[in-house]
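Q: Here you go, one structure.
The values are calculated or read from the model by the stated rules, or taken from the named source; none is laboratory data. Everything numeric here is computed off the predicted structure, so don't read it as measured data. All Cβ positions, glycine included, derive from the backbone under ideal geometry; neighbour counts span all protein chains shown.
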Amino acid sequence: MSNSEQNSTIEALFVEERRFPPTEEFKAQANVASESIYAEGKDFENFWRAQASRIQWQTPFKETLDWSDAPFAKWFVGGRLNITESALDVHAKSTPDKVAYYFEGENGDTRVVTYKDLYHEVCKFANALSDLGISKGDRVAIYMGMVPEFPVALLACARLGAPHSVIFGGFSSDSLKDRIIDASAKALITCDESWRNGGRVPLKETADVALSETPSVEHVVVVQRTGAQVKMVEGRDHYYHELIKDADDERPAESMDSEDPLFILYTSGTTARPKGIVHSTGGYAVGVATTHSMVFDIKEDDIYWCTADVGWVTGHSYVVYGPLINGVSSVLFEGVPQFPDKDRYWDIVEKYKVTQLYTAPTSIRTFMKWGTEYVTKHDLSSLRVIGTVGEPINPEAWMWYHEYVGNSRCPIVDTWWQTETGHMMIAPLPGVTTTKPGSATIPLPGINVEVVDQNGNPVPKGSGGYLVITQPWPGMARTIFNDPQRFKDVYWSRFSKPSENKWVYFAGDGAKKDLDGYIWLLGRVDDVMNVSGHRISTLEVESALVDHPAVAEAAVVGREDPTTGQAIAAFVTLKGANQGNEELIAELREHVAQKIGKIARPASIVFTDELPKTRSGKIMRRLLRDISEKRQLGDVTTLANADVVKEIAEQAAKAAQSSNSQE
Ligand code: PRX
């Protein structure tokens with residue numbers, strides 16, 4: 001984001017004067033109701049040491065934090081645990097019949113999974129995986145739809161100490177292949193297909209394409225969901241239900257060091273190569289359990305629902321680990337908000353009497369577009385706290401969520417965090433923090449963030465800059481798989497001063513700190529787009545486009561979009577005699593979907609004879625973004641080919657029009 005853009009966004013946010021303090025009624029029952037928690041959080045090591053009692057430790061830790069090898073942190077040093085004992089064993093003993101998941105299938109089929117059921121299912125599957133030769137330290141790739149076996153798969157790996165690497169079910173075979181290869185996964189767990197929006201997603205078929213080039217995979221486990229006939233390779237492929245049929249339903253949990261890796265999760269960065277973010281066990285467990293309990297004000301009888309797919313970090317932390325450690329009953333939903341009708345979410349809230357709903361701003365903006373009647377025809381009075389994650393929420397969407405979903409009564413928790421942070425970092429505590437529409441408010445207790453200028457100095461209140469995290473936190477990423485140097489370079493080099501032993505984490509987001517010290521997220525400042533709350537690298541999409549035989553060169557930018565936050569706008573030059581027409585646009589969009597996944601398909605593609613470049617040959621993405629968003633173009637005199645700009649602007653206007661009319 002350029003300075004002038006940031007300033008105008010900051011100006012716009014300054015006029016937001018609405019305030020929503022917690023009501024007395026909410027405060028009276030809140031898990032955390034005193035502001036003193038923020039003071040406690042100032043001594044962050046002590047704060048997190050106290051929170052560690054939420055977890056079952058096999059061996060108590062000796063030291064809370066070892067930061068001597070910064071930026072590679074060690075939390076709860078010497079402690080031993082298995083995260084599944086906190087998530088399953090405790091509850092299977094104390095509340096065996098309590099529901100862990102109310103599963104709601106896309107087609108309306110349901111399953112109720114109690115803590116006892118989940119415990120035994122995980123043990124059975126862990127035994128089955130172990131029989132296939134999976135043991136501590138082996139990486140297991142998971143590529144599934146939202147069925148109860150999805151959390152079971154993660155937990156079974158965790159039970160064995162085998163780091164899971166989940167790849168979102170919407171990714172293409174190429175993306176799956178790259179991630180399997182990077183992690184040298186020994187096994188893959190998938191489904192025959194999954195249901196989505198009334199259709200079928202051919203997971204196994206897609207996986208088979210990837211598997212033809214992944215020699216590390218020795219075994220594939222297939223969960224039957226739709227019952228489709230899929231190819232099963234003798235000796236390699238096994239049906240889940242057959243594997244667990246006779247498996248023992250008890251399995252001792254592998255003892256893990258607090259710092260042993262729990263999982264790898266790939267995320268997009270500013271290069272075409274995704275990064276395998278590595279999370280470890282003890283700190284992550286403490287971080288997700290604490291934040292889930294505090295931010296959602298979790299109570300014993302709550303019915304909590306996070307709509308995220310387990311394929312993303314939100315699903316890992318707040319569909320699987322956080323809620324299970326806290327022993328809560330969750331809804332697990334397979335489908336999409338519009339199937340069979342646009343009131344599906346509200347139908348589910350009413351049906352299960354959901355108390356906490358956690359969803360994405362992009363969904364909220366879509367609901368606004370659909371109209372209030374879908375919401376108001378349902379009884380949502382069970383809701384107590386409603387949350388958002390994944391992208392900035394504009395004040396209008398916030399107010400709509402507040403009024404129509406929260407009935408002007410439920411606190412909204414706008415939670416800022418990342419795949420790399422493991423758990424929420426900036427979010428209100430609903431019984432304590434006054435909220436402002438559009439602001440994620442202030443850092444959680446035990447977390448310290450700052451907004452800094454380009455030299456790393458904190459900006460004065462009322463100004464914008466770069467969001468950084470200034471002290472370690474328990475769920476922080478430990479490294480990038482097989483690439484510790486990249487971990488250091490990407491996150492810890494820009495504002496750190498190693499010679500002074502000062503380590504500062506750079507999140508990649510722009511932010512504003514207002515006069516009360518509240519944080520307003522302004523979007524990414526790097527070449528990462530955020531489309532419907534999903535991180536997509538401009539470079540990844542560019543390389544997918546250039547991979548097409550007709551394409552000579554491509555530039556991709558995120559342009560503002562009223563529903564998806566950002567939309568992908570591509571500018572393409574073609575080789576030789578190729579003609580840029582509608583057919584080729586469709587073909588290129590499909591090509592990107594095949595290379596990366598449908599979520600990365602450009603919303604608009606503009607053909608141009610040349611891309612605007614600086615004299616040193618760098619593509620001027622900022623200019624393309626300005627063109628895409630029809631802003632006044634800034635100074636173009638440093639361009640080598642200034643005359644292409646007008647032509648591109650005209651083409652882009654046409655493309656944006658046709659992408660709008662496609663919706
Ligand atoms: O730009 C921020 C945005 O999403 C990025 C992290 O994406 P990912 O690792 O995929 O994790 C998403 C779910 C935690 C951030 O760098 N982001 C996330 N939450 C918010 C947000 N932007 C503004 N407000 C939020 N609440």
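Q: Within the range 461-481, which residues are basic (Lys, Arg) and either at positive phi or surrounded by fewer than 22 Cβ atoms within 10 Å (Cβ to Cβ) (or both)?
A: Within the range 461-481, just Lys461 meets the criteria.
Q: Within the range 238-269, track down each residue that is of a type in the set (Ser, Thr, Tyr), crowded, with 17+ Cβ neighbours inside 10 Å and part of a loop (DSSP other than H, G, I, E, B). Before the answer, list the steps.
A: Kept after step one, since they are of a type in the set (Ser, Thr, Tyr), are these residues of the range 238-269: 239-240, 255, 258, 266-268.
In the following step, the residues that additionally are crowded, with 17+ Cβ neighbours inside 10 Å were identified as 240, 258, 266-268.
Passing the criteria: Ser258, Ser268.
Q: Sticking with this one: With respect to Leu129, is the statement that it is buried (at least 24 other Cβ atoms within 10 Å of the Cβ), modelled with pLDDT of 95 or more, assigned by TED's automatic domain parsing to the domain that holds Val230 and farther than 20 Å from Gly315 by Cβ true? Before you say what the answer is, go through the steps one by one.
A: Working: buried (at least 24 other Cβ atoms within 10 Å of the Cβ): yes; modelled with pLDDT of 95 or more: yes; assigned by TED's automatic domain parsing to the domain that holds Val230: yes; farther than 20 Å from Gly315 by Cβ: yes.
Spelling it out, Leu129 is indeed buried (at least 24 other Cβ atoms within 10 Å of the Cβ), modelled with pLDDT of 95 or more, assigned by TED's automatic domain parsing to the domain that holds Val230 and farther than 20 Å from Gly315 by Cβ.
Q: Restricting to the range 270-286, and then to whatever is more than 17 Å from Trp312 (Cα to Cα) and touching a Pro at 6+ places or on another chain (Cβ under 7 Å), can you tell me which residue is surrounded by the fewest Cβ atoms within 10 Å (Cβ to Cβ)?
A: Per the stated criteria, the residue is Gly283.
Q: Go through the range 27-66 residue by residue and tally those that are within 30 Å of Arg409 (Cα to Cα) and part of a helix (DSSP H, G or I). Explain how you work it out, then say what you get.
A: Just the residues of the range 27-66 that are within 30 Å of Arg409 (Cα to Cα), to begin with: 27-41, 51, 54.
Okay, now just the ones that are also part of a helix (DSSP H, G or I), so 27-29, 36-41, 51, 54.
Selection size over the range 27-66: 11.
Q: Tally the residues that are within 18 Å of the chain's Cα centre (by Cα), away from the ligand (no atom under 16 Å from the Cβ) and either modelled with pLDDT under 95 or surrounded by fewer than 24 Cβ atoms within 10 Å (Cβ to Cβ) (or both), restricting the search to the range 292-330.
A: Number satisfying all stated conditions: 0.
Q: Related question: Which condition breaks for Pro361 when tested against (1) under 30 Å from Gly108 (Cα atoms); (2) within 16 Å of the ligand (Cβ to nearest atom); (3) touching a Leu at 6+ places or on another chain (Cβ under 8 Å)?
A: Pro361 satisfies all of (1) under 30 Å from Gly108 (Cα atoms); (2) within 16 Å of the ligand (Cβ to nearest atom); (3) touching a Leu at 6+ places or on another chain (Cβ under 8 Å) except (3).
Q: For the range 462-488, what are the residues that are touching a Phe, Trp or Tyr at 6+ places or on another chain (Cβ under 9 Å) and modelled with pLDDT under 95?
A: Restricting attention to the range 462-488, the residues satisfying the condition of being touching a Phe, Trp or Tyr at 6+ places or on another chain (Cβ under 9 Å) are 462, 464, 466-481, 484, 487-488.
Those that are touching a Phe, Trp or Tyr at 6+ places or on another chain (Cβ under 9 Å) and modelled with pLDDT under 95: Gly462, Gly464.
Q: Here is a follow-up. Take Ile442 and tell me if it is touching a strand residue (DSSP E or B) at 6+ places or on another chain (Cβ under 9 Å) and either buried (at least 24 other Cβ atoms within 10 Å of the Cβ) or in the same structural domain as Val468 (by TED's automatic domain parsing) (or both). Explain how you work it out, then say what you get.
A: Details: touching a strand residue (DSSP E or B) at 6+ places or on another chain (Cβ under 9 Å): yes; either buried (at least 24 other Cβ atoms within 10 Å of the Cβ) or in the same structural domain as Val468 (by TED's automatic domain parsing) (or both): yes.
So Ile442 fits the description; yes.
Q: Within the range 539-559, can you find the residues that are within 20 Å of the chain's Cα centre (by Cα) and either modelled with pLDDT of 90 or more or of a type in the set (Asp, Glu) (or both)?
A: Answer for the range 539-559, where residues must be within 20 Å of the chain's Cα centre (by Cα) and either modelled with pLDDT of 90 or more or of a type in the set (Asp, Glu) (or both): Glu540, Val541, Gly558.
Q: Also, I was wondering about something else. Does any residue in the range 406-428 that is more than 8 Å from the ligand (Cβ to nearest atom) come within less than 9 Å, Cβ to Cβ, of a residue that is among the basic types (Lys, Arg) six or more places away or on a different chain, and which pairs are these?
A: Arg409/Arg384; Cys410/Arg384; Pro411/Arg384
Q: One residue is enough: does the range 27-34 have a residue meeting the conditions farther than 18 Å from Ser293 by Cα and buried (at least 18 other Cβ atoms within 10 Å of the Cβ)? Talk me through it step by step, then tell me what you get.
A: Residues of the range 27-34 farther than 18 Å from Ser293 by Cα: none.
Among the residues of the range 27-34, not one is farther than 18 Å from Ser293 by Cα and buried (at least 18 other Cβ atoms within 10 Å of the Cβ), which makes the answer no.
Q: Of the numbered conditions (1) at pLDDT below 95; (2) more than 16 Å from the ligand (Cβ to nearest atom), Thr270 satisfies every one except a single condition; which is it?
A: For Thr270, the failing item is (2).
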